[in-house]
Amino acid sequence: MKRLRDVASVLLAVIILFPLAYALSASFFARGDFTTLPARFLPSTFTPSNYVRAFASSNLARYLYNSLVTAIMGTGLRMVVCLAAAYSLTTFEYRGREAIFLILVASMLLPGDALLLANYLEVRRMGLVNTYLGLVVTGIFSPTAVFLLRQYFLTVSPEYREAAYLEGCSDLRFMMTMLAPMSKSVLLAIAVQSFTGYFNAYLWPLLVTSRDSMRTVQVGLTMLGFSETYDLGPQFAAIVFLTAPMLLLVLAMRRRIFEGISTRFSGR
């Protein structure tokens, strides 16, 4: 059984890593390497100029800037809103609190694409098309993030809050200076997921932006135009350049992410 599990793990790792390895190799392909038969895995000629051409022949730098602004702004706003919502659901007693939580859990089953049209119409009515706020506003509230934070807050002893109140600490100060630091593993996991989610978003940025100067990088990748001539090297180079930081971020934070999702909710 152990050997079978090891073989399955290796096969799964190969399936996951093969597209990444091919993209890295293809980013150095010459133009003719994409049309050879049989298909190639390694470049016939090492072509590092694909990386230069990816930026020189497009607004990729501007797209990258837009994605970074969107990801940072959206993650920051989501953290603040979800932290406050989770604190309210675990601390204050008011009518309908449990019903709100049930609705929150039920909304996690609703696919985001089902709300695309309604969200677009509302964002357009608010005049937020082609703005950074329009790019992030629909994702500021995350039911999943609120659920994770609420579940962790329930494991925190109420004695901390009572002691803080006796010292004259307000709810806002307690939440920001005591509860948030104690929840740093969960917050970090949510922040990484939120940042990568905003950075990799495609459908919503495509819908809510019409000016080239406001396009995000995932939309910009499809507009490089090299595919028409089978000159895909610069496109793969751009994909590798944009994927590498996200992959390194997840790998660097994997221990904290696993800790935030599993260990914290086991009461340890």
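Quick one: which of L68, L42, L24, L37 is of a type in the set (A, V, I, L, M) and under 30 Å from S142 (Cβ atoms)? Of the residues listed, the single one that is of a type in the set (A, V, I, L, M) and under 30 Å from S142 (Cβ atoms) is L68. A search for C-beta distances below 6 Å between a residue of the stretch 31-53 that is open to solvent by 60 Å² or more (accessible area, probe 1.4 Å) and any residue that is assigned to a loop (DSSP other than H, G, I, E, B) and among the charged types (D, E, K, R), counting only pairs 6+ apart in sequence or on different chains, returns R31/D231. Of the helices (runs of 4 or more DSSP H) lying entirely inside the stretch 60-160, those containing at least 3 residues that are farther than 25 Å from L206 by Cβ and polar (S, T, N, Q) span 60-91. Taking S194 as the residue in question, decide whether it is more than 22 Å from E122 (Cβ to Cβ), hydroxyl-bearing (S, T, Y), part of a helix (DSSP H, G or I) and open to solvent by less than 20 Å² (accessible area, probe 1.4 Å). Criteria not met by S194.
Against the definition (surrounded by 15 or more Cβ atoms within 10 Å (Cβ to Cβ) and over 29 Å from Q235 (Cβ atoms)), how does A145 come out, yes or no? In short, yes. Taking the criterion of being modelled with pLDDT under 80 and either open to solvent by less than 80 Å² (accessible area, probe 1.4 Å) or in a helix (DSSP H, G or I) (or both), the residues of the stretch 222-243 that qualify are L224, G225, F226, S227, E228, T229, D231.
Of the residues making up the stretch 96-117, those that are at negative phi, open to solvent by less than 50 Å² (accessible area, probe 1.4 Å) and without any contact (Cβ under 8 Å) to a residue 24 or more places away in the chain number 1. Is it fair to say L206 is among the aliphatic types (A, V, I, L, M), open to solvent by 30 Å² or more (accessible area, probe 1.4 Å) and modelled with pLDDT of 70 or more? When the stated conditions are applied, L206 passes them. Note on the stretch 70-111: residues that are touching a Ser or Thr at 6+ places or on another chain (Cβ under 8 Å), modelled with pLDDT under 90 and either hydroxyl-bearing (S, T, Y) or under 29 Å from R215 (Cβ atoms) (or both) amount to 0.
Between A13, A8, A56, A23, the distinction of being exposed (fewer than 13 other Cβ atoms within 10 Å of the Cβ), of a type in the set (A, V, I, L, M, F, W, C) and within 16 Å of A238 (Cβ to Cβ) belongs to A56 only. Scanning the stretch 1-40 for residues that are assigned to a helix (DSSP H, G or I) and among the hydroxyl-bearing types (S, T, Y) gives S9, Y22, S25.
The values are calculated or read from the model by the stated rules, or taken from the named source; none is laboratory data. Only a predicted model underlies this, so the values are computations on that prediction, with no experimental measurement involved. Cβ coordinates were reconstructed from backbone atoms using ideal geometry, including for glycine residues, and neighbour counts include every protein chain displayed. Areas reflect the complete protein model, heavy atoms only, side chains present, ligands, DNA and RNA absent. Shrake-Rupley method; radii C 1.70, N 1.55, O 1.52, S 1.80 Å.
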